[in-house]
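One structure is given below, encoded as structure tokens.
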Amino acid sequence: MGLDKSDKKAGRRGGAGAAAIGAGADTELCAVLLHPAAHTRSPAMHNAAFQALGQDAVYLAFDVAPALLPAAIAGARALGLRQLAISIPHKQAVMALLDEVDETARRIGAVNTVTRDGARLVGANTDWLGLVRALERETELAGQRAVVLGAGGTARAAVFGLRERGATVSVLNRSVEKARQMARELGAERAGALGELGELEYDLLVNATSVGLRSADTPVPAAHLRAGTTVFDAVYEPAETTLLRDAREQGARAIGGKWMLVYQAVEQIRLWAGRAPEPDRLARAFDAAAT
């Protein structure tokens, strides 16, 4: 049976959606693994999608510290979980724990989706599609001069997606060596330190770090933001991060991470169910799950 409560209640605050169905032995279990977990709105979106598609499934959130990731994946195998979303900080480490990683995820070097295929766990990456589809709601990407902040799994997906859409990309990170390595692997044109943003000419700035998550921190000083550019923050909690507020005050177009999360989830569900839910349905569930 499908979920029978409202989008707002299903999955609110990281997984209460389990109470929304009469779960039986045939109910498929899906989950997101991340650390920390209190901010996630993924259960609300996925449970709303399952209801809309008539899937007998429930989606939960599990706070998994990095040292416990191998045990969590082993537990998912033992319990027969149907699909896992993989979030910060596990997107790279999880790859070694899987039976197979698809070509795109291998090229990116990060996995955000694990789908069970029989007894095998198969890794994929839907983050890059989520990012480019979110940006394409607002702007054309071909020919853009983009700067990506960070060198983790989300940043890798961002560089890959932007390059796929014809943008030129610079990577800036606290560790310059990590930025350079990622730039070499993914074909970015330049790599450097975060403090170099003020020296670059750019059209699009993408924050792919976790800086600003449930805090007032920002990855860059407001003085390095410029009028007429586009600033995208993959952080979605809070909806108005300090980076986005500073961008608007400097005359830039500011885009939050909501639609990236929505579109990557749409693709995750399609990989399993073979059908894609309506993005607007997931967006409404996202909004209803606001804390």
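After finding the eigenvalues of the alpha carbon gyration tensor for the chain, what semi-axes result from the square roots of 5 times each, listed largest first in whole Å?
Working: eigenvalues 204, 87, 51 Å².
Gyration-tensor ellipsoid for the chain: 32, 21, 16 Å.
Find the percent of Cα-Cα distances in the stretch 12-125 that exceed 17 Å, and round it to a whole number. Don't skip to the end; give the middle numbers.
Working: 3406 of 6441 pairs.
It works out to 53 percent of all Cα pairs.
What is the packing order of peptides 95-103, 250-258, taking the mean over residues of other C-beta atoms within 10 Å and listing the highest first?
Numbers: 95-103: 15.3, 250-258: 18.9.
Highest to lowest by the protection proxy: 250-258, 95-103.
Angle, helix 279-288 long axis vs. longest principal axis of the chain, Cα atoms, 0 to 90°, nearest 10?
That works out to roughly 90 degrees.
Using Cα atoms only, what is the angle between the long axis of helix 42-53 and the major principal axis of the chain, expressed in degrees (0 to 90) to the nearest 10?
That helix lies at roughly 60 degrees to the long axis.
Might you report the magnitude of the Cβ-based charge dipole of the stretch 12-125 about its Cα centre, with Lys and Arg at +1 and Asp and Glu at -1, to the nearest 20 debye?
320 debye
Write down Rg/Rh for the stretch 44-97, rounded to two decimals, with Rg from the C-alpha atoms and Rh from the Kirkwood relation over Cα pairs.
Numbers: Rg = 12.6 Å, Rh = 12.5 Å.
With Rh from the inverse mean 1/r over Cα pairs, Rg/Rh is 1.01.
Each reported figure results from applying straightforward, stated rules to the coordinates on display, with no laboratory input. As the structure is a computational prediction, the values presented were derived from the model and not from experiment. Methodologically, a virtual Cβ is constructed for each residue, glycine included, from the backbone with ideal geometry; neighbour enumeration extends over all protein chains shown.
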